[in-house]
Amino acid sequence: MQDWTPDLTGNDKPRYLAIADVIEGDVAAGRLHAGDRLPPQRALARRLGVDFTTVARGYVEAQKRGLVESRVGSGTFVTATRQARAASPSRPELVDLSMNLPPEPEDPALIELMRDGLVEVSRDLVSLLRYQGFGGAQADKDAASAWLGRRALVPSQDRVFVTPGAHPALVGIFSTLCKPGDVVLCEAVTYPGVRAISAQLDLKLVGLPMDADGVTPDDFRDACERLAPKALYLNPTLQNPTTLTIPEERRASLAEVARRFRVPIVEDDAYGFIPTRKISAFAAIAPDLTWHVAGLAKCIGAGLRAAYVVAPSARAAWPFAAALRAGNVMASPLTVALATRWIEDGTADIMLRFIRAETAARQKLAAEILPAGAFRADPLSFNLWVPLPAPWGRAAFVAHMRGAGLGVVASDAFTADGAPQEAVRVCLGGPTTRAQVASALDFMAHALEEAPELAMAVL
């Protein structure tokens with residue numbers, strides 16, 4: 001196939017991605033076969049009128065997709081036909097399904113918008129390299145207020161803080177509310193970050209029983225009477241990892257118990273901006289009790305390291321500000337300015353719409369590929385929660401997936417106390433493409449439908 005030349009017309013993606021797309025399409029159509037040698041990179045670059053780097057990146061992208069392999073001294077070869085790869089569950093594409101991230105944009109127009117924002121921010125680069133006022137400049141607080149308004153939150157700005165991400169914000173909040181040895185309540189299956197924070201601060205994290213709607217009011221009331229907790233931590237919307245969303249009525253009931261026992265609610269609203277059908281935040285139901293943390297990692301991008309915190313009162317915010325300043329000094333002015341720019345010019349809303357659409361498409365893939373009833377998910381959650389069928393155990397399943405280059409996370413990472421469920425979290429977002437996700441799900445479906453000894457036999 002030394003004369004193979006990809007037709008890049010009609011593909012408006014960057015040239016290197018277009019080259020990988022054509023390779024994938026020609027494999028699927030049978031125009032390229034296992035063992036075919038692709039043209040040398042320099043020769044193909046001359047033929048296409050592009051630079052060598054573009055072709056090299058295209059071949060690397062195709063290799064990431066499992067379509068080709070590079071043999072030192074021999075060239076680049078097609079590894080298998082798409083049909084053969086689909087028929088063999090032992091050859092999924094290498095995919096990390098362990099990080100719960102939003103899907104990354106590939107649309108050139110959206111990426112150009114994002115770059116435009118960065119260019120505009122960089123015009124004031126020198127001033128952004130200085131120390132800034134703690135809690136956010138006025139423009140950043142205005143953007144925070146506009147963004148929080150999407151959750152129907154309208155706090156006074158003396159209660160709003162721009163922080164360097166949700167994780168540092170949670171450390172500051174728990175440092176303010178608790179001292180070593182104090183009890184913090186949470187869901188029985190919870191976000192691993194809060195487990196790490198509790199261990200670091202020497203807090204006793206106690207998981208509360210959950211039903212289909214989340215933590216039950218009766219169990220919360222009983223724990224308040226027995227344990228005198230200093231806070232209730234909740235990830236109430238598209239909860240990581242179970243994907244459940246606490247309904248409005250349950251939220252009101254939990255807030256009522258919290259008010260009776262004067263227990264602050266720490267609301268980690270990481271995914272609260274993702275659903276199109278809005279449910280009131282705890283900060284709207286019980287604003288005087290709730291510490292609301294609106295991170296941007298899941299609704300825009302984790303690399304921004306920015307989160308907006310709403311304190312229950314200006315008075316409560318004073319010790320929080322001191323704790324956060326001691327640990328972090330300030331949020332990065334450069335990344336905060338970029339977040340502000342994207343919120344002001346509408347780029348953040350376009351990114352959010354993309355994340356919703358791509359997440360829904362990936363969840364649809366999961367519903368089509370995996371056995372019916374094999375997992376729990378929301379149409380807009382970034383992950384699946386997969387209770388494992390007997391005789392699969394979580395350790396064996398994780399090892400089986402890892403052996404094929406697929407990273408998933410066992411329930412141990414999320415269990416606050418007690419025996420972990422035989423379950424795993426499988427993430428569908430991040431830098432993985434939709435095609436890579438489909439390939440990984442094909443492999444996982446085979447494993448779920450077979451006994452461990454049979455599924456492992458194909459490796």
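For this structure, a couple of remarks:
- Qualifying residue in the stretch 71-79 (condition: modelled with pLDDT of 80 or more, over 22 Å from Gly403 (Cα atoms) and surrounded by fewer than 19 Cβ atoms within 10 Å (Cβ to Cβ)): yes
- The residues listed here are Ala45, Ala62, Ala29; of these, the one that is small (Gly, Ala, Ser), touching a helix residue (DSSP H, G or I) at 6+ places or on another chain (Cβ under 8 Å) and closer than 26 Å to Arg434 by Cβ is Ala62.
- Residue match in the stretch 163-186 (condition: without any contact (Cβ under 8 Å) to a residue 40 or more places away in the chain, part of a strand (DSSP E or B), open to solvent by less than 10 Å² (accessible area, probe 1.4 Å) and within 29 Å of Pro102 (Cα to Cα)): no
- Taken as a whole, the stretch 81-89 holds no residue that is under 30 Å from the mean Cα position of the chain (by Cα) and at pLDDT 90 or above.
- Candidates Pro39, Pro14 - the one that is buried (at least 19 other Cβ atoms within 10 Å of the Cβ) and touching a residue at least 24 places away in the same chain (Cβ under 8 Å): Pro39
- Residues considered: Thr290, Thr243, Thr216. Of these, the only one that is of a type in the set (Val, Ile, Thr), in contact with a strand residue (DSSP E or B) (Cβ under 8 Å, 6 or more places away or on another chain) and open to solvent by 10 Å² or more (accessible area, probe 1.4 Å) is Thr216.
- Residue match in the stretch 222-231 (condition: open to solvent by 20 Å² or more (accessible area, probe 1.4 Å), within 26 Å of Ala326 (Cβ to Cβ) and out of contact with any Lys or Arg (no Cβ under 9 Å at 6 or more places or on another chain)): no
- Subset of the stretch 194-212 (residues that are surrounded by fewer than 17 Cβ atoms within 10 Å (Cβ to Cβ) and among the small types (Gly, Ala, Ser)): Ala196, Ala199, Ala212
- Filter result for Phe382 (in contact with a Ser or Thr (Cβ under 8 Å, 6 or more places away or on another chain) and under 28 Å from Val162 (Cα atoms)): yes
- Residue, farthest from Arg65 (Cα to Cα), within the stretch 17-36, restricted to residues that are among the small types (Gly, Ala, Ser) and open to solvent by less than 40 Å² (accessible area, probe 1.4 Å): Gly30
- Among the residues making up the stretch 310-339, a single one is β-branched (Val, Ile, Thr) and either touching a Pro at 6+ places or on another chain (Cβ under 6 Å) or under 21 Å from Cys178 (Cβ atoms) (or both): Val310.
- Hits in the stretch 108-132 - residues which are of a type outside the set (A, V, I, L, M, F, W, C), farther than 30 Å from Ala283 by Cβ and open to solvent by less than 80 Å² (accessible area, probe 1.4 Å): Pro108, Asp116, Glu120, Ser122, Ser127
- Under the condition of being open to solvent by 30 Å² or more (accessible area, probe 1.4 Å), over 20 Å from Leu118 (Cα atoms) and either in a helix (DSSP H, G or I) or touching a strand residue (DSSP E or B) at 6+ places or on another chain (Cβ under 6 Å) (or both), the residues counted in the stretch 315-345 number 9.
- Scanning the stretch 363-386 for residues that are in contact (Cβ under 8 Å) with a residue 60 or more places away in the chain and in contact with a strand residue (DSSP E or B) (Cβ under 7 Å, 6 or more places away or on another chain) turns up Ala366, Ala374, Arg376, Ala377, Phe382, Asn383, Leu384, Trp385, Val386.
- Reported count of residues in the stretch 133-155, each being under 16 Å from Gly165 (Cα atoms) and crowded, with 18+ Cβ neighbours inside 10 Å, is 8.
- Residue that is part of a helix (DSSP H, G or I) and crowded, with 21+ Cβ neighbours inside 10 Å, where the choices are Ala348, Ala445, Ala357, Ala396: Ala348
- Boolean, Arg57 is exposed (fewer than 15 other Cβ atoms within 10 Å of the Cβ) and modelled with pLDDT of 75 or more: no
- Residues located in the stretch 411-437, provided they are open to solvent by 20 Å² or more (accessible area, probe 1.4 Å), small (Gly, Ala, Ser) and not in a loop (DSSP other than H, G, I, E, B): Ala413, Ala435
The values are calculated or read from the model by the stated rules, or taken from the named source; none is laboratory data. The shown structure was predicted, so the numbers you read here are calculated from the model rather than taken from an experiment. Positions of Cβ are generated from backbone atoms using ideal geometry, with glycine treated the same way; all protein chains shown enter the neighbour counts. When the accessible area is computed, the model is the full protein with side chains, heavy atoms only, and any ligands, DNA or RNA have been set aside. Shrake-Rupley method; radii C 1.70, N 1.55, O 1.52, S 1.80 Å.
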